[in-house]
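Colleague: Pasting a structure here, questions to come.
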Amino acid sequence: MLWPDAAAEFDRLRATLKWVAEHSPYYRRAFESAGVRVDEIRNYEAFRQCVPILRKTDLVANQRAHPPFGEFVTVPRKLFGSLHTSPGPIFLPRLPEENQGTETLREAIRAMGVAPGEVVHITLSYHIMPGGLRLHRAFEAAGCLVINGGTGSSQLQVELARAWQATVYAGTPSFLAHLVDTARSMSLDPRRDLFYRVGFSTAEMLTPQLRHELQAALGIELFDHCGEAQIGPLAGECHVHDGMHLHARDLFCEFLDPVTGNPAKPGEIGELVATQLGPRALPLVRYAPGDAFELIPGSCRCGRSTPRVRFVGQVGAIRKIKGVLVHPQQVHRVLQQFPQVRRFEIVIQHPPGERYERVRLRIGTDMALPVPDQLAAEIAAAVKSSVLLSMEVEFVPESEIPEEATRPPYAATIRDLRPGKGALP
Ligand SMILES: [Zn+2]
């Protein structure tokens, strides 16, 4: 899947390639060694075939070799407007007009139904990383009154949110859960004594279980949103809450099959490869941060036609099983509907002489064994309908499954016993 449409954006895409080839020593060299001739790139297919992918590790390595910004920068330092840092560390100078995604975020804020004049409590870090400041600027631009809460000091944060009667929470869902616990420990009733009505959940996976808990505790409507430190805001939920709509502004997104490199289709998993359109202090072209998304088929009930995605995790945890790309997080999301499931792992085998691969979903439970067949059948059907793959469900004592198999980054979740198989590059 490509977004926006490659044909509509092709002139901007090619202008960006021309700009970076002229102004950034890194891309000039990378294009030369890959034989890229920008003038000869006539369509997306040619772009995909010849322009090299920039992995996060390449960016970090080049900045280490040529500190602090690497060979990426396109303008003299005196033209920088701000300096941000993201984990790595990756040093990110910005032109004043880049605006940190403010316009894009403003549209996401509007889509959540937040009105000018509402009080917004931001609990992302304002230290060093761009997240807190980026949201702060966007909510201010949307006409809101913004509390720069930052991280930590949860008791003080509860007092601030209560005193200012904040109606919008913006931050990680786990910190919101922590604020709920803190409010209760202060003998407050979160639903009565806090005033949040909308939650902008970001920088962390919002699991269905956590969403349910927070909505029950606060009477809040949570909107999942995702972005990436280097490329900025990427996608956010509408009122339907069935996946996140991709934002469309100054970013050309490819979602590629991690095995073949071809564009993934709706219903499949694709790795994000993003190109920032237009001049940047440190432009990223075909940048792959290593994030995988499920591409949701069909149109959204909200009526918007922009494609929707669901973040599934790091691309390294994906395996191709029976021809289907599977990320353990997709399976985890299904299993969270079943309270009997404590842990899980997926074992793939290809027994010699057998035609098909065998996939077992081993579920660790504290229920008495054997577990009724009915439950196994329900779980198998739920997994099949969501992940599009049949698995044999097998219940085992919880202690048989390693604890780390059931949590991000899910590196230990899939045991691939097929000969010659391992992690994707
Ligand atoms: Zn929608």
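The values are calculated or read from the model by the stated rules, or taken from the named source; none is laboratory data. Quantities reported herein were computed from a predicted structural model and do not represent experimental measurements. All Cβ positions, glycine included, derive from the backbone under ideal geometry; neighbour counts span all protein chains shown.
Colleague: Can you pull out the residues in the range 86-107 that are touching a strand residue (DSSP E or B) at 6+ places or on another chain (Cβ under 7 Å), farther than 22 Å from GLY143 by Cβ and at pLDDT below 90?
Modeller: Looking only at the range 86-107, we keep the residues that are touching a strand residue (DSSP E or B) at 6+ places or on another chain (Cβ under 7 Å), and these are 86, 91-94, 100-101, 104-105.
Still in the list and also farther than 22 Å from GLY143 by Cβ: 86, 91-94.
Listed by number, the list holds a single entry, SER86.
Colleague: Scan (1) within 16 Å of the ligand (Cβ to nearest atom); (2) without any contact (Cβ under 8 Å) to a residue 40 or more places away in the chain for the single condition ARG211 breaks and write down its number.
Modeller: (1)
Colleague: Out of all the residues in the range 1-26, which are over 19 Å from CYS253 (Cα atoms) and either among the charged types (D, E, K, R) or touching a residue at least 40 places away in the same chain (Cβ under 8 Å) (or both)? If you could, list the steps in order and put the result at the bottom.
Modeller: Filtering the range 1-26 for residues over 19 Å from CYS253 (Cα atoms) gives 21-26.
Matches in the range 1-26: GLU22, HIS23, SER24, PRO25, TYR26.
Colleague: Look at LEU246 and say whether it is among the hydrophobic types (A, V, I, L, M, F, W, C) and in contact with a Ser or Thr (Cβ under 8 Å, 6 or more places away or on another chain). Before the answer, list the steps.
Modeller: Details: among the hydrophobic types (A, V, I, L, M, F, W, C): yes; in contact with a Ser or Thr (Cβ under 8 Å, 6 or more places away or on another chain): yes.
Considered against the rule, which asks whether it is among the hydrophobic types (A, V, I, L, M, F, W, C) and in contact with a Ser or Thr (Cβ under 8 Å, 6 or more places away or on another chain), LEU246 comes out as yes.
Colleague: While we're on this one: Name the strands (runs of 3 or more DSSP E) wholly within the range 315-425 that hold at least 2 residues that are without any contact (Cβ under 8 Å) to a residue 60 or more places away in the chain and over 30 Å from LYS56 (Cα atoms)? Give the steps one after another, and end with the answer.
Modeller: Details: elements: 319-321, 324-326, 343-349, 358-365, 392-397, 414-416.
Of the strands (runs of 3 or more DSSP E) lying wholly inside the range 315-425, those with at least 2 residues that are without any contact (Cβ under 8 Å) to a residue 60 or more places away in the chain and over 30 Å from LYS56 (Cα atoms) span 358-365, 392-397.
Colleague: Look through the range 284-304, keep the residues that are assigned to a loop (DSSP other than H, G, I, E, B) and within 20 Å of the chain's Cα centre (by Cα), and return whichever of them is nearest to the ligand (Cβ to nearest atom). It would help to see each step written out before you state the result.
Modeller: Filtering the range 284-304 down to residues assigned to a loop (DSSP other than H, G, I, E, B) leaves 284-286, 289-290, 297-304.
With within 20 Å of the chain's Cα centre (by Cα) added as a condition, the list becomes 284-286, 289-290, 297, 300.
Working: LEU284: 27, VAL285: 30, ARG286: 28, PRO289: 24, GLY290: 27, PRO297: 14, CYS300: 3 Å.
Looking at the filtered set, the residue picked out is CYS300.
Colleague: Given the criteria more than 16 Å from the ligand (Cβ to nearest atom), more than 19 Å from the chain's Cα centre (by Cα) and acidic (Asp, Glu), does GLU345 qualify?
Modeller: Values: more than 16 Å from the ligand (Cβ to nearest atom): yes; more than 19 Å from the chain's Cα centre (by Cα): yes; acidic (Asp, Glu): yes.
So GLU345 passes the test.
This table checks each residue for (1) at pLDDT 95 or above; (2) within 16 Å of the ligand (Cβ to nearest atom); (3) of a type in the set (Lys, Arg).
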position: HIS178; (1), (2), (3): yes, no, no
position: LEU188; (1), (2), (3): yes, no, no
position: ARG192; (1), (2), (3): yes, no, yes
position: THR207; (1), (2), (3): no, no, no
position: GLY219; (1), (2), (3): yes, no, no
position: GLU237; (1), (2), (3): yes, yes, no
position: PRO263; (1), (2), (3): yes, no, no
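Colleague: Could I ask something else about it? Quick check on my filter: what residues within the range 221-235 are within 14 Å of the ligand (Cβ to nearest atom), in contact (Cβ under 8 Å) with a residue 60 or more places away in the chain and in contact with a Ser or Thr (Cβ under 7 Å, 6 or more places away or on another chain)?
Modeller: Result: PHE223, HIS225.
Colleague: Next up: How many of the residues in the range 240-261 are within 11 Å of the ligand (Cβ to nearest atom) and more than 17 Å from the chain's Cα centre (by Cα)?
Modeller: Of the residues in the range 240-261, 1 are within 11 Å of the ligand (Cβ to nearest atom) and more than 17 Å from the chain's Cα centre (by Cα).
Colleague: Considering the range 108-118 alone, what residues qualify as being surrounded by fewer than 18 Cβ atoms within 10 Å (Cβ to Cβ) and within 11 Å of PHE139 (Cα to Cα)? Show your work before the answer.
Modeller: First, pick out the residues of the range 108-118 that are surrounded by fewer than 18 Cβ atoms within 10 Å (Cβ to Cβ): 110, 113, 115-117.
The answer is ARG110, ALA115, PRO116, GLY117.
Colleague: How many residues, within the range 265-283, are in a loop (DSSP other than H, G, I, E, B), more than 16 Å from the ligand (Cβ to nearest atom) and in contact with a strand residue (DSSP E or B) (Cβ under 9 Å, 6 or more places away or on another chain)? Outline the logic, then answer.
Modeller: So the first thing to find is which residues in the range 265-283 are in a loop (DSSP other than H, G, I, E, B), and the list is 265-268, 277-283.
If we keep only those that are more than 16 Å from the ligand (Cβ to nearest atom) too, we end up with 265, 267-268, 277-283.
Filter once more, so that each one left must be in contact with a strand residue (DSSP E or B) (Cβ under 9 Å, 6 or more places away or on another chain): 265, 267-268, 277, 280-283.
Residues in the range 265-283 being in a loop (DSSP other than H, G, I, E, B), more than 16 Å from the ligand (Cβ to nearest atom) and in contact with a strand residue (DSSP E or B) (Cβ under 9 Å, 6 or more places away or on another chain): 8 in total.
Colleague: Still on this structure, I have one more. I'd like the full set of residues that are surrounded by 19 or more Cβ atoms within 10 Å (Cβ to Cβ), more than 17 Å from the chain's Cα centre (by Cα) and over 19 Å from PRO408 (Cα atoms), limited to the range 305-342.
Modeller: ILE321 - this is the single residue of the range 305-342 that is surrounded by 19 or more Cβ atoms within 10 Å (Cβ to Cβ), more than 17 Å from the chain's Cα centre (by Cα) and over 19 Å from PRO408 (Cα atoms).
Colleague: Quickly run through the range 200-239 and pick out the residues that are under 29 Å from VAL273 (Cβ atoms), assigned to a loop (DSSP other than H, G, I, E, B) and not aliphatic (A, V, I, L, M).
Modeller: Those that are under 29 Å from VAL273 (Cβ atoms), assigned to a loop (DSSP other than H, G, I, E, B) and not aliphatic (A, V, I, L, M): THR202, GLU204, THR207, GLN230, CYS238.
Colleague: State all residues of the range 170-202 that are under 14 Å from ALA216 (Cβ atoms) and touching a strand residue (DSSP E or B) at 6+ places or on another chain (Cβ under 7 Å); if no residue qualifies, say none.
Modeller: PRO173, LEU176, TYR196, GLY199 - these are the residues of the range 170-202 that are under 14 Å from ALA216 (Cβ atoms) and touching a strand residue (DSSP E or B) at 6+ places or on another chain (Cβ under 7 Å).
Colleague: Then there is this: Among the listed residues ALA115, ALA170, ALA142, identify the single one that is in contact with a Pro (Cβ under 8 Å, 6 or more places away or on another chain) and under 19 Å from GLY236 (Cβ atoms). So that I can check it myself, show each step before the final result.
Modeller: Values: ALA115 fails: in contact with a Pro (Cβ under 8 Å, 6 or more places away or on another chain); ALA170 fails: in contact with a Pro (Cβ under 8 Å, 6 or more places away or on another chain).
Exactly one of ALA115, ALA170, ALA142 is in contact with a Pro (Cβ under 8 Å, 6 or more places away or on another chain) and under 19 Å from GLY236 (Cβ atoms), namely ALA142.
Colleague: Give the residues of the range 121-144 that are surrounded by 17 or more Cβ atoms within 10 Å (Cβ to Cβ) and more than 23 Å from the chain's Cα centre (by Cα), sorted by residue number.
Modeller: Once the filter is applied, which keeps residues that are surrounded by 17 or more Cβ atoms within 10 Å (Cβ to Cβ) and more than 23 Å from the chain's Cα centre (by Cα), the range 121-144 yields ALA142, CYS144.
Colleague: Name every residue in the range 85-108 that is under 24 Å from VAL120 (Cα atoms), touching a residue at least 60 places away in the same chain (Cβ under 8 Å) and of a type outside the set (Ser, Thr, Tyr), in order of residue number.
Modeller: GLU98, GLN100, GLY101, GLU103, LEU105, GLU107, ALA108
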